[in-house]
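Written out below as structure tokens is the structure these notes cover.
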Amino acid sequence: MSKPEKYPYSVQQKVAWGDMDAFGHVNNVVYARYFETARASYFDDMGLWESPQKPMEGGPVLTHIEMDYRKQVRFPETIDISVKLESVKNRSFSIVCSMWNQAGECVLTGKAELLWFNFSTGKPVAIPDVYKEQFFQQNK
């Protein structure tokens, strides 16, 4: 397990009572939703979604996700989820995340790989240059 790192972009996530399982801690599946919410917020702030300047014929689809659980989290904790673009290739990119409790302890590290997908043709395509530029600007 690699040493956790806190990344510059972060969002706060309040743990809901319903996020816990029978063992009294946040269920492992819920962390995937937390990571998804942080990625979506990151993409939105990056301007990745459709706009008049960036019409979307395609977009990112999740192809792989991995998470390493480090500590339990319980209601009513608020966790800080930090994310960072890790790499960009021709048709895919990866994002890493770390989640931190209020005591400053890392509770999870994760990685997601996404493929740029044309929704009309149903096939992977190269990431449009306008989005690659956004990625590189964000990763400076």
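Between rounded, prolate and oblate, where does the chain land on the alpha carbon gyration tensor, with a ≥ b ≥ c its root eigenvalues, rounded for a/c under 1.5, else prolate if a/b exceeds b/c?
Since a/c reaches 1.5 and a/b is larger than b/c, the shape of the chain is classed as prolate.
So how strong a dipole does the chain carry about its Cα centre when Lys and Arg Cβ are +1 and Asp and Glu Cβ are -1, to the nearest 20 debye?
240 debye
Compute the long axis of helix 129-138 from its Cα atoms, compare it with the longest principal axis of the Cα atoms of the chain, and write down the angle in degrees, 0 to 90, nearest 10.
Around 40 degrees separate the two axes.
Using r as the Cβ-Cβ distance of Phe23 and Gln102, and R0 as 30 Å, what FRET efficiency do you calculate, to the nearest 0.05?
The formula returns an efficiency of 0.90 here.
Distance between Cα centroids, segment 1-47 to segment 101-125: provide it in whole Å.
Segment 1-47 and segment 101-125 have Cα centres separated by 11 Å.
Which order do peptides 105-116, 28-39 fall in by mean Cβ count within 10 Å, highest first?
My ranking of the peptides, most packed first, is 105-116, 28-39.
Give me the number: length gained by fully extending Val130 to Gln12, i.e. 0.36 nm times residue separation minus the C-alpha to C-alpha distance, one decimal in nm.
That works out to 39.6 nm of additional length.
What does the highest-first list of 4-16, 82-94 look like by mean Cβ count within 10 Å?
Highest mean packing first, the order is 82-94, 4-16.
Please give the helix 28-46 orientation as an angle from the longest Cα principal axis of the chain, in degrees from 0 to 90, rounded to the nearest 10.
Once rounded, the angle reads 40 degrees.
Collect residues whose amide H, placed 1.01 Å from N in the peptide plane, falls under 5 Å from the amide H of Thr63; neighbours closer than 5 in sequence don't count.
Glu113, Leu114, Leu115
Readers should treat all values here as calculations from the given coordinates under stated rules, not as data from a laboratory. Because the structure is a prediction, the values reported are computed rather than measured. Here the Cβ is made from the backbone with ideal geometry for all residues, glycine too, and neighbour counts use every protein chain on show.
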